[in-house]
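First comes the structure, then the notes that go with it.
No value in this document is a laboratory result; all are computed from the given coordinates. For clarity, every value in this text was computed on a predicted model and none was experimentally measured. Please note: Cβ atoms are built from the backbone with ideal geometry, for glycine as well, and neighbour counts cover all protein chains shown.
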């Protein structure tokens, strides 16, 4: 067992990678180096502009590699939230269907009055039979389903959903922000029409993401102006952000992300022996994510207590400023108690980090129970 004071003094343990992965120092180095070479607007036709546009187009190469799309299908945005807004507001004439566990940028964005919500089973996976029934009564639907839940890490049956929606001539969008770079996801093989991704989840710069739109699929622009990016998203492109995005993908290893599963499972096994409960324990999940119940101990108390030990965890999505509540996903899965914290690791997480986390978990749990009794 590690001495708490010793480890606390030497290191902050970051276990909130699903909120944002710290920017890679190599990405910062490349960005600082290239910013001196960027002289023109990528949309300008003179030499400086053409040079900048070359950098922009090259930055798409690794997105193409990771997503399995075409260069022409990439539209740079400010991140996942803007991408999702663009989809939900770009198809106001469609009958929209999405799951009950989507990111707020989905369920707060639709202009349609005909939104239908796909039920979620208690295990955190959508009810495909409910979706099938809704599709049978819906003309020209747009279905939006996240690839993996950002709180529980539970992966959804995207391919099955795509097959069902195509049978009724609908469109399918997936917010894969949380699974991007962590899982092998192929836009073409899945048969998706639209897909949202973001840079800061894999060590890139904040404020840059992309919407992948299948060629010949129409989407009304969210931002109008000079018709950059084929009119899908006007405004001068965030060239430095795009370059940083590309560099973060060059450094990223899906294998490294998936290998975290060994540490994650070992941690969960030890915590379960101490009384913890794991949401989605037997579901297909992101390898780095664990949604853990400390029975009877409020999430707010847990987050603050871990922070005092220099451990960064969350109670769920960081989609609301200052929020430490994960009531939404708990309610969706018919879970009554709000006593969970989310541990989301990265390839930089070590065995020692998790040993210290487990020791602190036990200490916080024991202390709270003694206080209550």
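Per-structure values
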{"item": "Nearest-ten-degree value, helix 299-308 long axis tilted from longest Cα axis of the chain", "result": "80 degrees"}
{"item": "Simple label model, 7 Å out from Cα along Cβ direction - residue 351 to residue 39, nm", "result": "5.4 nm"}
{"item": "Order of 100, 83 - criterion: other Cβ atoms within 10 Å of each residue's Cβ, fewest first", "result": "100, 83"}
{"item": "Cα-based equivalent ellipsoid of the range 21-117: semi-axis lengths in Å, sorted from largest, via gyration tensor", "result": "34, 17, 12"}
{"item": "Virtual spin-label span in nm between residue 256 and residue 186, 7 Å along Cα→Cβ", "result": "2.4 nm"}
{"item": "Stretchable slack from residue 337 to residue 129, in nm (0.36 nm times residue separation minus alpha-carbon distance)", "result": "72.1 nm"}
{"item": "Modelled FRET efficiency - R0 41 Å, residue 58 with residue 366, Cβ distances, 0.05 increments", "result": "0.15"}
{"item": "Order of 257, 361 under a 10 Å beta carbon neighbour criterion, fewest first", "result": "257, 361"}
{"item": "For the range 267-290 versus the range 197-215, the gap between their alpha-carbon centres in whole angstrom", "result": "29 Å"}
{"item": "DSSP bridge orientation in the chain - percent antiparallel, rounded to nearest 5", "result": "55 percent"}
{"item": "Relative frequency of Cα-Cα separations exceeding 25 Å in the range 223-372, percent", "result": "42 percent"}
{"item": "Using distinct alpha-carbon pairs, which all enter the 1/r mean, Kirkwood radius of the range 64-129 in Å", "result": "13.6 Å"}
{"item": "Share of Cα-Cα pairs in the range 97-198 lying beyond 20 Å, as whole percent", "result": "32 percent"}
{"item": "Extension gain, residue 304 back to residue 114 (0.36 nm per residue minus Cα-Cα distance, nm)", "result": "64.3 nm"}
{"item": "Computed lengthening from residue 206 to residue 50, 0.36 nm per intervening residue step minus Cα-Cα distance", "result": "53.6 nm"}
{"item": "Gyration tensor (alpha-carbon) shape descriptor, the range 94-136, a/c threshold 1.5", "result": "oblate"}
{"item": "√(5λ) per eigenvalue of the Cα gyration tensor, the range 159-298, largest first, Å", "result": "35, 21, 14"}
{"item": "Antiparallel DSSP beta bridges within the range 132-196, as percent of all bridges there, nearest 5", "result": "10 percent"}
{"item": "Label-point separation, residue 137 to residue 312 (7 Å along Cα→Cβ), nm", "result": "4.6 nm"}
